[in-house]
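Throughout, read-outs are computed from the coordinates displayed, never taken from laboratory work. Computed from a predicted model, the values in this text were never measured in an experiment. Quick reminder, even Gly has a Cβ in these numbers, built from the backbone with ideal geometry, and neighbours come from all protein chains shown.
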């Protein structure tokens, strides 16, 4: 096993300690020692196999002049790993100095910052086309503030570039503000390309196939962010504010946001893809801008398959602020394209040129308005128009979990559970592991899947109700849920009614018998529905009053109330036997039970 150690017997002129062929350690600021370490590592005769160079923690290595090729450090021709330990390699002089160059070698940079480099190709790093090579940036590498004609940060020709968990930001070039790739394989994973600028094309990344292109030459973007990049010219620019791609491209789990192709006829604010094939899966294009067409995506004379993609909030000056298809083929499946803004007020979301070509629908797409393009409707498609647009009910672009920002589907969105039935084409939504692509029975349309979240339990406290008597006044109900959410009431059975006024519930008794009332709480996004609680109470009969009245002029003669039996009242009869008594039997509320007119009165002599 090779080890990295400091050695007291090292040559002072090299300022680099050598233990075995694979291990070097360079002190803070020791520029000569770093140059010597790379020269030693490149010497395969003396140090065969992979070599490791470790820099001082938080060290700074500044270069004011370069070699004959404009490089601060010797060209990498072997397999070398530089452990940066958060160190910085920078140009510190006035001249043009590129930091790293690779020609046939394999360079891995770990936790290292490269800044202020200037070169014709690749301000910080170049892979020369003679023999190619491989460059890997990993573990929080930062390429920032570099400049070049092509590839402000990195230029890769006929080689392989891998960027893992790193950031390329604030670089400038004529083409490929952050990265320029030609006949190269480029892989970006869990990384950020941001705030770079190109004066012609590819504000963030420019990737092209040349004469030596092959099937392995492809641009791969996975779980990465392309944001705030700009391709700007004073006229006639090629476009691609975020990415200008003229090679096969794969985009999976990425967000393109706030990129711009402006100051001229620059198409493709987010992505300008042309003359090649490509696929975009589980990704979001939002708030990108084009001075021409295709605020989100512009596909020219190429093919592009979009699956589970959200394109929203993009702007274009000349049409198709969402997606523009120019003499190519684009296939849409389970995509959401809406809420884009066309400043020409012609085709806010999709458009084609010439007008007779069409998009292909694989079904279950939601397009807010299809004005500007023909797209045959497939199974489950929802298409609106400029006069009757479909609002997808999207939340703002923000951190909803996962490595990239997304637009959440708000409650009530027509995209929820509106995707294709059956198994989803991917296991997870754009946010990755922990966010299943199907949650709730059917896949949602677009890059975001609403998750069925386990909700908190809650209980209802509802005290027993006392018995009532028919005729009692209406009374209020009181109950509480442990969640603090309001409780509602319904009559399960019995002679009573419930009314609600301002959130208060009152019970009105309508008869005699047993009444059961149910208290319920339906839950919300945080709490699950509570178990119902029922209370039963009796409504008793009202007390009755029986009243005998005899007609003695205007005088009424009361009698004590009884439940049943005989009631006696002494009266005097007239000689002609005319009825002198009228009888009313009423309950306590005045309801008449019977009167003497309902039946004959039997006169019973009293002993």
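Below is a table of values for the structure above.
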read-out: With eigenvalues of the C-alpha gyration tensor scaled by 5 and rooted, segment 256-452, Å; value: 25, 17, 16
read-out: Rotationally averaged projected area of segment 359-400 (alpha carbon convex hull; nm²); value: 3.9 nm²
read-out: Percentage relative contact order, segment 163-298, counting C-alpha pairs under 8 Å, at least six apart; value: 20 percent
read-out: Efficiency of FRET between residue 220 and residue 532 - r from beta-carbon atoms, R0 60 angstrom, step 0.05; value: 0.65
read-out: Inter-label distance, nm, simple model (7 Å from Cα along the C-beta direction), residue 469/residue 497; value: 2.4 nm
read-out: For 536, 370, 174, order by how many other beta-carbon atoms lie within 10 Å, fewest first; value: 536, 174, 370
read-out: Rel. contact order, % - alpha carbon contacts under 8 angstrom, at least six apart, segment 356-434; value: 24 percent
read-out: Residue exposure sequence - 406, 160 - by fewest surrounding Cβ within 10 Å; value: 160, 406
read-out: Cα gyration tensor shape of segment 460-540, rounded if a/c is under 1.5, else prolate or oblate by comparing a/b with b/c; value: prolate
read-out: Taking 324, 448 and counting other C-beta atoms within 10 Å, the order from fewest to most; value: 448, 324
read-out: Computed E for residue 543/residue 58 - FRET, C-beta separation, R0 60 angstrom, nearest 0.05; value: 0.05
read-out: Relative contact order (%) - criterion: Cα under 8 Å, at least six apart; region: segment 256-452; value: 15 percent
read-out: At R0 = 25 Å, FRET efficiency that the Cβ-Cβ distance of residue 92 and residue 139 yields, to 0.05; value: 0.50
read-out: Linear extension gain, residue 522 paired with residue 480, 0.36 nm per residue minus alpha-carbon span; value: 13.8 nm
read-out: Order by protection proxy (mean Cβ within 10 Å, highest first), peptides 478-485, 101-108, 374-381, 192-199; value: 192-199, 101-108, 478-485, 374-381
